[in-house]
1. Filter the range 212-222 down to the residues that are touching a residue at least 40 places away in the same chain (Cβ under 8 Å) and touching a strand residue (DSSP E or B) at 6+ places or on another chain (Cβ under 8 Å), then identify the one that is surrounded by the most Cβ atoms within 10 Å (Cβ to Cβ).
2. Hey, does the range 7-18 have a residue that's closer than 29 Å to residue 448 by Cα and either outside the structural domain of residue 504 (by TED's automatic domain parsing) or in a helix (DSSP H, G or I) (or both)?
3. Here is a check on your reading of the model: is residue 441 in the same structural domain as residue 283 (by TED's automatic domain parsing) and either surrounded by 15 or more Cβ atoms within 10 Å (Cβ to Cβ) or modelled with pLDDT of 70 or more (or both)?
4. Based on this model, can you work out whether residue 591 counts as more than 25 Å from residue 492 (Cβ to Cβ) and in a helix (DSSP H, G or I)?
5. Taking the conditions exactly as written (under 24 Å from the mean Cα position of the chain (by Cα), closer than 28 Å to residue 232 by Cα, modelled with pLDDT of 70 or more and surrounded by fewer than 20 Cβ atoms within 10 Å (Cβ to Cβ)), does residue 425 satisfy them or not?
6. For residue 262, work out the one condition from (1) within 25 Å of residue 91 (Cβ to Cβ); (2) crowded, with 19+ Cβ neighbours inside 10 Å; (3) modelled with pLDDT under 70 it doesn't fulfil.
7. Can you confirm whether the range 489-501 contains a residue that is without any contact (Cβ under 8 Å) to a residue 24 or more places away in the chain and in a helix (DSSP H, G or I)?
């Protein structure tokens, strides 16, 4: 009686061993580290890595370890003072071409990382880090939308042979000038069929007629929502590509975005990380681009054109007209161009429906001409001028690709003529994650130091330890040997909760620690119910073996019902709560699941091992 089959013991041992292994990385802590990467999100080359090593050596800075992480160089140090000194030295030596991101890198041994064992993430309130509140420039988003419509209007009117005297974008509308009312009405009917979502009106001023096209209130809301959502996605992609672990990037209100970067300790470097986000524009090369040297010598730029530069410094003359912007790109992936017969690197691009239609109509008339992709980065920097802080916008524009249009292009097309597969991967990354629907500006900034986070961790750990110790003492005093069994189960329960948080790569916050503390108290409830039921059976005259059997069987339904109702409450908290509430709900849910396993299966296995299969006169309960 009261014997478990062998497979149950093996299952329990396997789960416990797995839990110990995956909880183990949390004991090794984290190293202050610097993540060095090019500011344009390309992979770091070996020559740059050698420069980093040389700069640190000349500055007399001791390096704990170096490793490559996703094409970036991660340099570990012994403490934060050395980390800060190294960051300053590298920033001065490498200039603005590289991002020197300060963070905390897990010190997990290689053999644990090889089996996927990683420590759980710590939230901003525990690990320290940076909080940004960013304002999206909705006026710029609206202006970009009107600029796009203005270009489409020109194309449609030209294709249908409707002549106009000029087109310009005003605040909130596009104004098209006509010579007579009949032509204006013809244009109105045409544009209304092509662009039904706009509001149109014809106005007369002196001898001219103007057709006004305005964005409706409903469409204006769609433009604003789309700008926010795309900027959230773009910022998340860019931060993830730069190796910041578990960032929080979410919308707040109608025009703001919250960005939290746990483990990043330098606000200036964090701004560089966020500043790497940019917009993309497609321009046609100017016909005079082939004579660029003579144009540079004369100093006269042809009307309707603008001078840009490639990344290697070569000048390129492009037409001012924007054909397409990066927010029309839905996907970009690197690959091999098999159609050319040379198997050369290429980037395959997918556009949304509106962008694909516009691009197809344009490229059919420009086969054989050069198409350029311009990467535009806008940074807002705060400078002190005459003792006052002044915000200045700085714009960086580079041509990242210049290729020949070989045929009419549609929603899916290819950019070839690239030098290497690595260049194709870099270009695909920029096209995929580099486009912002509207500029953003940091309106609020908070830095939480690692010392405050350490205090929170210490206090949270102390609360868990005190609660845990009190429960352990109570169980041993009140239930004797069975209390020791419950204490073992409670210890394993904590280990399994930490292991699951680590395996899920969940983020632990202060509310999460509160969930663990609550779990400690709730986990022992099941054992109290079981043990009291056993004592009741003994008082009724049952044998010790029958009392153990009845205690576990009769208490199970009560334990199950109590835990299910708490689990439902945790699911509701997770579904309707925000970040901190979700963290509490996650740890509470995991604690309930693991406590069911440890309080019922583990304790029964231990009790069966002690008392099962033999005659017992008395239980130590």
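The values are calculated or read from the model by the stated rules, or taken from the named source; none is laboratory data. None of the values given here were measured: they were computed from a predicted structure. Positions of Cβ are backbone-derived with ideal geometry, glycine not excepted, and every protein chain shown enters the neighbour counts.
1. Here the residue is 213.
2. Among the residues of the range 7-18, not one is closer than 29 Å to residue 448 by Cα and either outside the structural domain of residue 504 (by TED's automatic domain parsing) or in a helix (DSSP H, G or I) (or both), which makes the answer no.
3. Taking the combined requirement at face value, the residue does not satisfy it.
4. no
5. Against the criterion (under 24 Å from the mean Cα position of the chain (by Cα), closer than 28 Å to residue 232 by Cα, modelled with pLDDT of 70 or more and surrounded by fewer than 20 Cβ atoms within 10 Å (Cβ to Cβ)), residue 425 qualifies.
6. (3)
7. There is at least one residue in the range 489-501 that is without any contact (Cβ under 8 Å) to a residue 24 or more places away in the chain and in a helix (DSSP H, G or I).
Let's see how each residue does on (1) farther than 25 Å from residue 614 by Cβ; (2) modelled with pLDDT under 85:
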| residue | (1), (2) |
| --- | --- |
| 459 | yes, yes |
| 477 | yes, no |
| 482 | no, no |
| 486 | no, no |
| 498 | yes, no |
| 529 | yes, no |
| 533 | no, no |
| 546 | no, no |
| 550 | no, no |
